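Comments concern the structure below.
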């Protein structure tokens, strides 16, 4: 019996020693990385990712023709609708040049009609004469046409998932250039800045949304002022070749 107890005790001690040795070994190995700096190095990636998605619709060196319609946003006394044509071409996939010709239809806004319905007699007018009764007439410089020449940069390209039903490819672009603006005060040279988005529906057909700001000087109350003419339009374009 004593021999049996001694054997069991020896066997138990051996098992405990093995468990202790197996448990501490990983810790020793893990600590060895700290003891020897630089002993672990990640594998070098010989083919780093530079492009996540290739362009599916190409527009480089393809003449573009299109049309658009829109409006000028920040006019208080007129409602201006613009329609026109567009010609352009991209030298590469993200840089190009385009020209636009737009004509406008100008109507009095509701605010101007309300002012014209008001009647008053100037303080220095003849109180007995009906010809001295006038209506308020705001200082308006309506826009009648625009001719744009702009550079286009389209570095942002991707695709949209529409309700899990359709994938639409799109790019977002910036525009900058010069514009000739026909106004009541004559032709004005304007600085043009804008942005837009194109949605590709087919290989050669796309829909565009544009915002453009044309900045030029005009005369108001016999003084020169800088005007920002904000215009938005929607249109379609066809790419040849």
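The values are calculated or read from the model by the stated rules, or taken from the named source; none is laboratory data. None of these values were measured; they are calculated from a predicted model. No Cβ is skipped: glycine too gets one built from the backbone with ideal geometry, and neighbour counts run over all protein chains shown.
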Checklist line | Options 77, 120; residue that is at pLDDT below 95, farther than 20 Å from residue 194 by Cβ and surrounded by 14 or more Cβ atoms within 10 Å (Cβ to Cβ) | finding: 77
Notebook entry, point to check: For residue 164, all conditions in the list (1) outside any strand (DSSP E or B); (2) touching a residue at least 12 places away in the same chain (Cβ under 8 Å) hold save one; what is the number of the exception?
Noted result: (2)
Margin query: Would you confirm, using the coordinates I've provided, whether residue 83 is more than 17 Å from residue 190 (Cβ to Cβ) and either without any contact (Cβ under 8 Å) to a residue 40 or more places away in the chain or touching a helix residue (DSSP H, G or I) at 6+ places or on another chain (Cβ under 7 Å) (or both)?
Written below: yes
Item checked: Which numbered condition residue 203 fails, given (1) exposed (fewer than 15 other Cβ atoms within 10 Å of the Cβ); (2) assigned to a strand (DSSP E or B); (3) touching a residue at least 40 places away in the same chain (Cβ under 8 Å) -> (2)
Note to self: Being closer than 30 Å to residue 203 by Cα and more than 22 Å from the chain's Cα centre (by Cα) narrows it down to one residue among 159, 165; which is it?
What the structure shows: 165
Next item on the list: Would you point out which residue out of 202, 173, 157 is out of contact with any strand residue (DSSP E or B) (no Cβ under 9 Å at 6 or more places or on another chain) and within 23 Å of residue 88 (Cβ to Cβ)?
Entry: 202
